[in-house]
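Enquirer: I'd like to ask some things about the structure below.
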Amino acid sequence: MDKQQQQLSFVKCSRQQRCSEWMFHDVPSDITIEVNGGAFPLHKFPLVSRCGRMRKLVAENRGSDICRIELLNLPGGAESFELAAKFCYCINFEITSANVAQLLCVSDYLEMTEEFSSNNLESRAEEYLESIVCKNLEMCVAVLQQCENLLPFADNLKIVGRCIDAIVSKACVEQIASSFSRLEYSSSGRLQMNRQAKCEGDWWIEDLSDLRIDLYQRVITAMKCRGVRPESIGQSLVNYAQKELTNRSGFWNSSNQPNLVTEFSEHERLVVESIVSLLPVEKLVIPITFLFGLLRKSVMLDCTVACRLELERRIGSQLDIATLDDLLIPSFCHASDTLFDVETVHRILIKFSQQDDSDDDMEDGSLFGSDSLGSPSQTALVKVSKLVDNYLAEIAPDANLEVTKFIAIAKTLPSEARTSHDGLYRAIDVYLKAHQGLSDTDKQQLCRLIHFQKLSEEAGSHAAQNERLPLQSMVQVLYIEQLRLRNALSHSYPDDEHKQMHHSLHINSGAFSAAMSPRDNYASLRRENRELKLELTRLRMRLNVLEKEHVCMKKNMEKSQSNNFISTFSKKLGKLNLFGSSSSQGSSSPSQNSQRMDGKVIERTVTSPV
């Protein structure tokens, strides 16, 4: 309090000193004007000759020789009144964009109109605003910055509205001019827009970032109504948010005063909620990374539920272009023990699924009868499924992550979204490794998410030897691996052996599903597990032997064909007459030679070991 009083007294002394520089010194003061604690010893005549309000106040205090008048709620405070007093004393000063709003407000408060004096302060300031300020965008922004401390007077005088209209008009003109500059003729002679050319009409974006959030919101709202490009509005929102939300990180230092931190938190919360309300409705106009940044801020600042749901809806509509780093939202809630905000990601995935369903319905009714594999929605599903599997693998090591939450995220997408289950299997394996105390029931629930038929050969081999999986899942994997090997060897086995193997698999599958006691079922599963592993090993060895024999047989066939061709060709040359006549003795037709060669090849093929 002492420091504030000292500063206030210093301001009073400096103001009185400045006032004494332009006042009349030979005529004593007969009136004292008090404004915001500051005193101005002045003279009645210069004031009443130009100010209607001062004329009325002086008339009310006509009985006293020296009157003292206090002006309450004067817009702009003592600084504005000092400029008005200088004008009354015919002291020259320059009207600029930095003081024109103050002059308009104080002239209206003091009634310095043409009714009391020609060419008064109000008309002077009004002319400067209309002819100079409203034709220059930078000046309009500067005037709006001055209006921040003059509300609601500046609003009532329509200073704010006129500056906003001027800014929007300038932005529209610049947009049209830049659009014409990007027009070019195509190879066919038609005019077209060059999308790759840099847009030079958005230089106003940086200027608007200096405004306070309430005035900035009014400017952007007017721009959206006037048809300014959504891309330009999006760039302006990103630039404003980066300036207001990132350049003041020092306020979050714990050493700062609690009141200051709380005040800054309120300011940031207002900025985030305002920017979310201004986001364009068009997709892909705002970078999804920026939307995730706003979502993190909204969670951290505890913004309104409507604000967070709107961000989640927008992110869900374009989730297929997101990255893993975007989804890793830290958990700012003290009630949650998890490292990352899993609930928010789950809601985003639900929004994506709902949006995808609605898009499919729209496409079915307007274009195609069904969603094909190559359609954009299916492509988005595949991309998001890979993203979700990577996200599950990233959060799986968290010891506080409940199995129900893990399963809920994995089951959000439809089954046809995953063309391969390798990523999901990897995430579940990481979760099982980090949560070794899971019950068999929880493990079985996790493994039911995996379609083992959609595992690659490498992932299937790993799963067949993964002891962290439940026993039933391991048996299922071994059966699938056995079927794969059987399909690989089906062309090499004779028919009776193929039928015998299929019959063996059918019997084993029936034995596995037979009803028995839990203890006997467990022992049977372990026994079948060992048998399947042995049979799998034998099949792999058999496959390797067949591959080697196939390579040798192929080489022998190529060598045999080459030798037969050379011997046949030499015999024909020996029997040819140089003068065109041929001997018929011992000659053979080409078809007979071909039949003999084919017979040798067939005989060699049949006699080769299988």
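The values are calculated or read from the model by the stated rules, or taken from the named source; none is laboratory data. The shown structure was predicted, so the numbers you read here are calculated from the model rather than taken from an experiment. Note that we place each Cβ from the backbone using ideal geometry, even for glycine, and neighbour counts take in every protein chain shown. SASA here: full protein model, heavy atoms, side chains in, ligands and nucleic acids out. Shrake-Rupley method; radii C 1.70, N 1.55, O 1.52, S 1.80 Å.
Enquirer: How about the stretch 422-444: which of its residues are farther than 16 Å from Lys383 by Cβ and buried (at least 18 other Cβ atoms within 10 Å of the Cβ)?
Expert: Quick first cut of the stretch 422-444, residues farther than 16 Å from Lys383 by Cβ only: 425-444.
Answer for the stretch 422-444, where residues must be farther than 16 Å from Lys383 by Cβ and buried (at least 18 other Cβ atoms within 10 Å of the Cβ): Tyr425, Ala427, Ile428, Asp429, Tyr431, Leu432, His435, Asp442, Lys443.
Enquirer: Can you pull out every residue in the stretch 30-43 that is buried (at least 19 other Cβ atoms within 10 Å of the Cβ) and at pLDDT 85 or above?
Expert: Listed by number, the residues that qualify are Ile33, Val35, Phe40, Leu42.
Enquirer: I've got another one for you. Taking the stated definitions as given, is Val168 open to solvent by less than 60 Å² (accessible area, probe 1.4 Å), under 30 Å from Ile233 (Cβ atoms), in contact with a Cys (Cβ under 8 Å, 6 or more places away or on another chain) and assigned to a helix (DSSP H, G or I)? Break it down stepwise before answering.
Expert: Working: open to solvent by less than 60 Å² (accessible area, probe 1.4 Å): yes; under 30 Å from Ile233 (Cβ atoms): yes; in contact with a Cys (Cβ under 8 Å, 6 or more places away or on another chain): no; assigned to a helix (DSSP H, G or I): yes.
The answer is no for Val168.
Enquirer: Scan the stretch 444-455 and report the pairs whose first residue is within 16 Å of Asn466 (Cα to Cα) and β-branched (Val, Ile, Thr) and whose second residue is open to solvent by less than 70 Å² (accessible area, probe 1.4 Å) and outside any helix (DSSP H, G or I), with Cβ atoms within less than 7 Å and a gap of 6+ or a chain change.
Expert: Pairs that qualify, where the first residue is within 16 Å of Asn466 (Cα to Cα) and β-branched (Val, Ile, Thr) and the partner is open to solvent by less than 70 Å² (accessible area, probe 1.4 Å) and outside any helix (DSSP H, G or I), are Ile450/His421.
Enquirer: When you go through (1) within 19 Å of Phe406 (Cβ to Cβ); (2) under 11 Å from the mean Cα position of the chain (by Cα) one by one for Ile315, which number turns out not to apply?
Expert: Just one mismatch for Ile315, condition (1).
Enquirer: Can you name the number of the only condition in (1) open to solvent by 60 Å² or more (accessible area, probe 1.4 Å); (2) not in a helix (DSSP H, G or I) that Glu126 fails?
Expert: Condition not satisfied by Glu126: (2).
Enquirer: Further question: Taking the condition of being on the phi > 0 side of the Ramachandran plot and without any contact (Cβ under 8 Å) to a residue 12 or more places away in the chain, how many residues in the stretch 29-76 meet it?
Expert: Within the stretch 29-76, residues that are on the phi > 0 side of the Ramachandran plot and without any contact (Cβ under 8 Å) to a residue 12 or more places away in the chain number 1.
Enquirer: Specify the residue that is nearest to Gln472 (Cα to Cα); the eligible residues are those in the stretch 414-439 that are among the acidic types (Asp, Glu) and modelled with pLDDT of 90 or more.
Expert: Asp429
Enquirer: Among the numbered conditions (1) of a type in the set (Lys, Arg); (2) in contact (Cβ under 8 Å) with a residue 60 or more places away in the chain; (3) in a loop (DSSP other than H, G, I, E, B), tell me where Lys86 comes up short.
Expert: The single condition Lys86 does not satisfy is (3).
Enquirer: Identify, from the list Ala98, Ala142, the residue that is more than 21 Å from Pro46 (Cβ to Cβ) and assigned to a loop (DSSP other than H, G, I, E, B).
Expert: Values: Ala142 fails: assigned to a loop (DSSP other than H, G, I, E, B).
The conditions single out Ala98.
Enquirer: Would you check if Ala408 is within 25 Å of the chain's Cα centre (by Cα), aliphatic (A, V, I, L, M), open to solvent by less than 10 Å² (accessible area, probe 1.4 Å) and modelled with pLDDT of 90 or more? Reasoning before the result, please.
Expert: On the way: within 25 Å of the chain's Cα centre (by Cα): yes; aliphatic (A, V, I, L, M): yes; open to solvent by less than 10 Å² (accessible area, probe 1.4 Å): no; modelled with pLDDT of 90 or more: yes.
Here the answer is no, as Ala408 does not meet what is asked.
Enquirer: Return the residue satisfying two criteria in turn: it lies in the stretch 45-68 and is touching a Ser or Thr at 6+ places or on another chain (Cβ under 9 Å) and at pLDDT below 85, and of such residues it is least open to solvent (accessible area, probe 1.4 Å).
Expert: Cys67
Enquirer: Within the stretch 404-426, how many residues turn out to be assigned to a helix (DSSP H, G or I) and either farther than 18 Å from Asp341 by Cβ or among the acidic types (Asp, Glu) (or both)?
Expert: Let us first name the residues in the stretch 404-426 that are assigned to a helix (DSSP H, G or I), namely 404-410, 415-417, 422-426.
Those left that are additionally either farther than 18 Å from Asp341 by Cβ or among the acidic types (Asp, Glu) (or both): 415-417, 422-426.
Total meeting the criteria: 8.
Enquirer: Under 6 Å between Cβ atoms, which residue pairs at least 6 apart in sequence (or on different chains) link something in the stretch 308-337 that is closer than 12 Å to Val276 by Cβ with a partner that is open to solvent by 30 Å² or more (accessible area, probe 1.4 Å)?
Expert: That search, which allows pairs on different chains as well, returns Glu312/Arg347; Glu312/Lys351; Arg313/Lys351.
So that you can scan it fast, the table gives a plain yes or no per residue for (1) out of contact with any Asp or Glu (no Cβ under 9 Å at 6 or more places or on another chain); (2) at pLDDT 95 or above; (3) aliphatic (A, V, I, L, M); (4) in a helix (DSSP H, G or I):
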| position | (1), (2), (3), (4) |
| --- | --- |
| Tyr109 | yes, no, no, yes |
| Asn119 | yes, no, no, no |
| Cys172 | yes, no, no, yes |
| Ser178 | no, no, no, yes |
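Enquirer: So, in the stretch 145-165, how many residues would count as being outside any helix (DSSP H, G or I) and acidic (Asp, Glu)?
Expert: Going residue by residue through the stretch 145-165, those that are outside any helix (DSSP H, G or I) are 148-152, 157-158.
If we keep only those that are acidic (Asp, Glu) as well, we get 148.
Number satisfying all stated conditions: 1.
Enquirer: Name the residues in the stretch 464-509 that are modelled with pLDDT under 75, open to solvent by 40 Å² or more (accessible area, probe 1.4 Å) and among the aliphatic types (A, V, I, L, M), would you?
Expert: Within the stretch 464-509, Ala488, Ile507 qualify.
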